[in-house]
Amino acid sequence: MNIFEEIGVEEQVLAAIKDLGFEKPTPVQEKVIPILVGEKPGDVIALAQTGTGKTAAFGLPLIQKTDIANKKIQHLILSPTRELCLQIADDLKDYSKYVKGFTVGAIFGGSSIDLQMKMLKRGVHIISATPGRLVDLINRKKVDLSQVETVVLDEADEMLNMGFKDELEAVLSQTPKNRTTLLFSATMAREVKSIASKYMKDPTEIIIGKKNVSTENVTHLCYMVHARDRYLALKRIVDFHPDVYGIIFCRTRKETQEVSDNLMNDGYNADALHGDLSQAQRDVVMNKFRSKHLSLLVATDVAARGLDVNDLTHVINYNLPDEIDAYTHRSGRTGRAGKKGTSIIIANMKEKQKISTIERQISKKFIHSSVPLGRDICKNQLFHLIDRMEKVEVSDTDINSFLPEINKKLEWLDRDELIKKFVSLEFNRFLDYYKRMPDLTAPAERSKSKKASGSNKDMGMSRFFINIGRKDGVKPTTIIGMINDYTGIRDIEIGEIDILDSFSFFETDESCAEDILEAFKDKTHKKRKIALELAQQAKRSSSRSSSDRNSDSRKRSFGDRGKRPFGDKGKRSFGDKDKRSSGDRDKRSFGDKDKKRTFKKR
Ligand code: ADP
Ligand code: MG
């Protein structure tokens, strides 16, 4: 006999969940179902994390207790968001697909209230609702809750967090006193307790052990960016960690391949693993990854399942998984065997809800950070280079014969200058690349992370004074036009432009200051000789917003979309290819492959 049957799940419902592949009840189902199928069930408080199977725990018994002939609402499920509300209704439809005549309806805000009223008028057995819209319908007297037997408060803590306390109380007061009340929550917050003590009778408390709690060794980081900046953010994260050895999770095969192709094109040591590859191809990729000849594996959840690699430094969620559970599996790939690991999500503001759901499941909060800034990346890479230089093995026999000559040539440089020059050799290109890169952290998120407050300074804007103004018919577009025409450069980042009566100020990326000063020499405007000079003080704080508007796309077309400023290939043949198995990774960050690539300072 099926265990579901043993705990009281009936045939029609059983057939449906069999189709869904449920083989045995989850712990919360095992505890809740027997209570609910009883004749007059008592109240229940269940503390359980997301992903533990709560929907079926209350859904299956409620469906089979429904009197199909009675067209009144018999059970009511409240949940905090439109998504959850719809998901619950959909799940219940799945579970009830073999139950003739059974109906479940969703009631939620942001969608036609008329249609919902019509549905209620036709009659529906169970409703899945968000508190706000339901109260609206109650006030319009369009919903009759007088025959409700069961009220389920799903994700009760979240509903209270979202400020639905009054609505919950209003709804509960409309339902019969002798109803059964079920409360599901991830935490037993004070507000949850107070609702429970006010509206529930002798509830049975069920606590479900935490499922898949992420290991203590994993740090969870969140970078909020605009969706269009996802890839750029990924590159920065990888650049910020010269020693990264990790998996980048994508949602689809297509996305996996694209991200991997882009990374490879940009000079990163990455490859893809997904279901469209042959077994042989996958084996090759996996072997390279295991032996650390590959530092970044871009993979789908399915392809990476069961993958057992121990000392990953990072798991990067390029996109959040559709299934919240998958996050736990993903992040569990790092921080193994007593080592520390970091799981990073690149998310956009629209995904906030999903993030808090994940936080509840892993019982940990994400640390919100700003996407590494160019200068921080440069610093990390620089020290990585210095580190490698300290550790590099010197082959005396090969080098010694050249030494006298080299020494003679470099005689005029002291130690400091020598170091500066060697570092600059590797670094100029790199600094150049990042100099103009904007902050990628989504604006709303910026105030949250401390680092971000200094970001404008890092933008480095120069402020110019120009001797023409409103009286001369100057508009912001005049200035932009001049900058573009005179310099012949189209992607100079332009900040604030202040037009005054007889003169004006404007800001540009400071790296272009020289070019601009030079370009404006000997120019005239309406027969007047233009005088351009650097203004005393760059007004830094205001540069972001206007430059965003003016030149976001141009900025991007210059920089991040270009090649990586540091490649891997050249170095390997020259240096110490054979010395360490992890050699590839060490080499990756600095090389001369890119020297051929032009980073024209146009
Ligand atoms: P919760 O509401 O606790 O977050 P859900 O009810 O949404 O969890 O269930 C999470 C996932 O687990 C869903 O995809 C669901 O279909 C699946 N699931 C639920 N119960 C079972 C079961 N007994 N066996 C297998 N999968 C299940
Ligand atoms: Mg749920």
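Just so it is clear, none of the values below were taken in a lab; they were calculated from the coordinates. None of the values given here were measured: they were computed from a predicted structure. With ideal geometry, Cβ positions are generated from the backbone for all residues, glycine too; neighbour counts draw on all protein chains shown.
Treating only the Cβ atoms of Lys and Arg (+1) and Asp and Glu (-1) as charged, compute the dipole magnitude of region 264-390 about its Cα centre; round to the nearest 20 debye.
Rounded to the nearest 20 debye, it is 420 debye.
For region 240-323, which GluC sites (Glu not before Pro) are both in a DSSP coil and crowded by at most 15 other Cβ atoms within 10 Å?
In loop regions of region 240-323 (DSSP not H, G, I, E or B), the sparsely surrounded GluC sites (Glu not before Pro) are GLU323.
Give me the one-decimal nm value for the distance between modelled label points at LYS420 and GLU169, 7 Å along each residue's Cα-to-Cβ direction.
According to this spin-label approximation, the distance is 7.0 nm.
Past the 19 Å Cα-Cα mark, which pairs from LYS54/LYS177; LYS40/LYS65; LYS24/LYS354; LYS292/LYS379?
LYS54/LYS177; LYS24/LYS354; LYS292/LYS379
Which shape class applies to region 132-231: rounded if a/c is under 1.5, otherwise prolate when a/b exceeds b/c and oblate if not, where a ≥ b ≥ c are the square roots of the Cα gyration tensor eigenvalues?
oblate
For region 399-409, just list the computed ³J(HN,Hα) in residue order, Karplus coefficients 6.51, -1.76 and 1.60, θ = phi - 60°, integers in Hz, with x standing in for Gly and Pro.
Karplus values, whole Hz, x for Gly and Pro: 7, 3, 5, 8, 4, x, 5, 4, 4, 5, 5.
Estimate the FRET efficiency between LYS409 and ASP243 by the formula 1/(1 + (r/R0)^6), using the beta-carbon distance for r and 45 Å for R0, to the nearest 0.05.
0.85
Name the GluC sites (Glu not before Pro) in region 1-88 that are in a loop by DSSP and that have at most 15 other C-beta atoms within 10 Å, would you?
Passing sites in region 1-88 are GLU23, GLU39.
Tell me the relative contact order for region 234-362 as a rounded percent, counting alpha carbon contacts under 8 Å between residues six or more apart.
Contact order relative to length: 27 percent.
DSSP loop chymotrypsin sites (Phe, Trp or Tyr not before Pro) in region 87-151 with at most 15 other Cβ atoms within 10 Å of their Cβ, which ones?
The qualifying sites are TYR98.
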